[in-house]
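The next block holds one structure in the form of structure tokens; read it before the comments.
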Amino acid sequence: MQLARQIEQFPDKSPLVTLSWYSPIGAPPPAGIGSLTPARITDYRDLQDTSVCFLDCADRASMREVTRLRQAYGPALYLVAATEGAGAAFQSELFETGVDDILLQDGPEHLFRCLLRAKRHLTLLQQQERRLDDLQEQLDRWQDGLDHLPTPIYLKDVDGRYLGCNTAFSQFVGTTRSGVIGQTLADFLPQEVADAHRESDLEVMRKGGVLRVETDVCVPETGMRHVMLHKASIESADGQLRGIAGVMIDITERKELEARLTAAAERDPLTNAYNRRKFFEVAASAIEHRPDGGSAFAVAVIDIDHFKSINDELGHGEGDLTLCSIVDTLRSHEDQGVVVARAGGEEFFAFFAGENAERAAEILEQMRGDVARYCQVTTVAGAAGTISIGLAAFDPEQETVDQALRRADLALYRAKRDGRNRLCLAP
């Protein structure tokens, strides 16, 4: 009697499950199962997916119903095959087909044990579902946090396929997050670009740790951007390589600032020509990296004729325009290997190396002629805006750039004395 009361209380008191008897042909349940007042089902679609279902398994044909129920409800349905006298082979087939338990006898003790196993199974299943819900909630919180960051973040497997990303990354490649997952970078960027990134992925997976790479990328909405890629290899707890995690930090503004600072340090703010310091850096670098067999070098000092008259008669604004126009004309010859720098005021330096040094006089005559043609103005003092030039070839083994410039400056004075708008060579 005590056992019977336990059986009676289990289905009624438990909030975990409902009990069902399923017989496609409408057969009644055995007496023991019937005493539990299960819901009698003839259509499998009427079952609840969190129930204990006793299935009428009179013969092997019932195994088709097992397959159908398992496909419809998955593991949430606890399926008990009710069959009497089933042999070991038939029982094995039932388990392989998908039943969770087999009730061979309808007695109270067997039924009670069957229900206890069902309750334990469904309790564990609910605990697993709660853990999965908790994990999903944590994952959603992480994803929400990442999606609110403006920095593109992604995960890849060892084959380069995306496992996840945030909204910033999906927007960067021009699709949704679901459109990213399972794809490779070659699905979004040209193959040669994707191949280059794949090489750096393989490098960080080989070496481990973090790899930092600066590169230019084309963003759909904002165009070309300069980014810093941080890539890190991901390993499991047992040391197995899982893939890489990556972060893309937009450093475009920083690089633009660096470029402006570099330009400010290297160039004259009015004419955009190199300044004195940069001129000597370029010359020193060319001399340091000259071929072992030696190389020809030459420097020139260039001065604008009657520039003071332009400022005095036409104003400093016109003087600045003339200055810039002359510099633009001089720099138009930089494709011939000449380096032009503003030395100060209306004076400029030019530097030649190698074959260009051997043609320095020819190139400077072209420059002088172009300036006279395009930049000359008339003042009370006469023709102004032309240039006078002193040129000195030199051997860095025998004298320094400064010493060569002094000789070129003396040649410039001769050019001025001899009538301006001309080139004179230093001895």
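Key figures
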| item | result |
| --- | --- |
| Principal-axis tilt of helix 88-97 within the chain, Cα atoms, nearest 10 degrees | 40 degrees |
| Prolate/oblate/rounded call for the stretch 157-311, Cα gyration tensor, a/c under 1.5 rounded | prolate |
| Among L412, P24, G160 the positive-end extreme of the charge dipole of the chain (Cβ point charges) | P24 |
| For the stretch 308-375, fraction of C-alpha pairs farther apart than 18 Å, in % | 41 percent |
| Projected label distance in nm at L125 and R40, using a 7 Å step from Cα toward the beta-carbon | 2.5 nm |
| Max mean-square fluctuation residue, GNM over the chain, Cα-Cα springs under 10 Å, options H148, H121, H230 | H121 |
| Taking I41, I287 and counting other C-beta atoms within 10 Å, the order from fewest to most | I287, I41 |
| Theoretical ellipticity at 222 nm over the chain - DSSP helices of four or more residues, -39500 (n - 2.57) apiece, nearest 500 | -14500 deg cm²/dmol |
| Only Lys, Arg (+1) and Asp, Glu (-1) charged, at Cβ; the stretch 375-427 dipole about Cα centre in debye | 400 debye |
| Extent along principal axes [Cα atoms of the stretch 200-266; Å; largest to smallest] | 53, 29, 16 |
| Compactness index (Cα Rg / 2.2 N^0.38 Å), the stretch 286-427 | 1.05 |
| From phi via Karplus (6.51, -1.76, 1.60), per-residue ³J(HN,Hα) for the stretch 390-398 in Hz, x at Gly/Pro | x, 10, 9, 7, 8, 10, x, 6, 10 |
| Gap separating the Cα centres of the stretch 357-425 and the stretch 315-341, nearest whole Å | 14 Å |
| Burial ordering of W142, W21, fewest other beta-carbon atoms within 10 Å first | W142, W21 |
| Surrounding net charge for G390, when Lys and Arg each add one and Asp and Glu each subtract one, Cβ distance under 15 Å | 0 |
| Fewest-first sequence of M224, M63 by Cβ atoms within 10 Å of each Cβ | M224, M63 |
| Lysines whose Cα lies under 25 Å from that of K156, excluding same-chain neighbours fewer than 8 positions away | K207, K231 |
| The stretch 267-425 - charge dipole about Cα centre, Lys and Arg +1 at Cβ, Asp and Glu -1, debye rounded to 20 | 320 debye |
| Within the stretch 133-168, backbone nitrogen closer than 18 Å to the virtual label 7 Å beyond the Cα of L202 toward Cβ | 156-162 |
| Given charges at Cβ of Lys, Arg, Asp, Glu: the chain dipole, positive-most of P427, C375, G319 | G319 |
| Cα gyration tensor category, rounded, prolate or oblate, for the stretch 269-350 with a/c compared to 1.5 | prolate |
| Net lengthening on full extension, C324/A76 (0.36 nm per residue, minus Cα-Cα) | 81.0 nm |
| Reachable lysines from K416, criterion Cα separation under 30 angstrom, eight or more residues apart if same chain | K278, K308 |
| The stretch 366-427, Cα convex hull volume normalised per residue, Å³ | 84 Å³ |
| Cβ-defined net charge surrounding R254, 13 Å radius [Lys, Arg +1; Asp, Glu -1] | -2 |
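Every number in this text was worked out from the coordinates using simple rules, so none of it is lab data. This is a predicted model, so every value here is computed, not measured. Because the Cβ atoms are built from the backbone with ideal geometry, glycine has one as well, and the counts that use them run over all protein chains shown.
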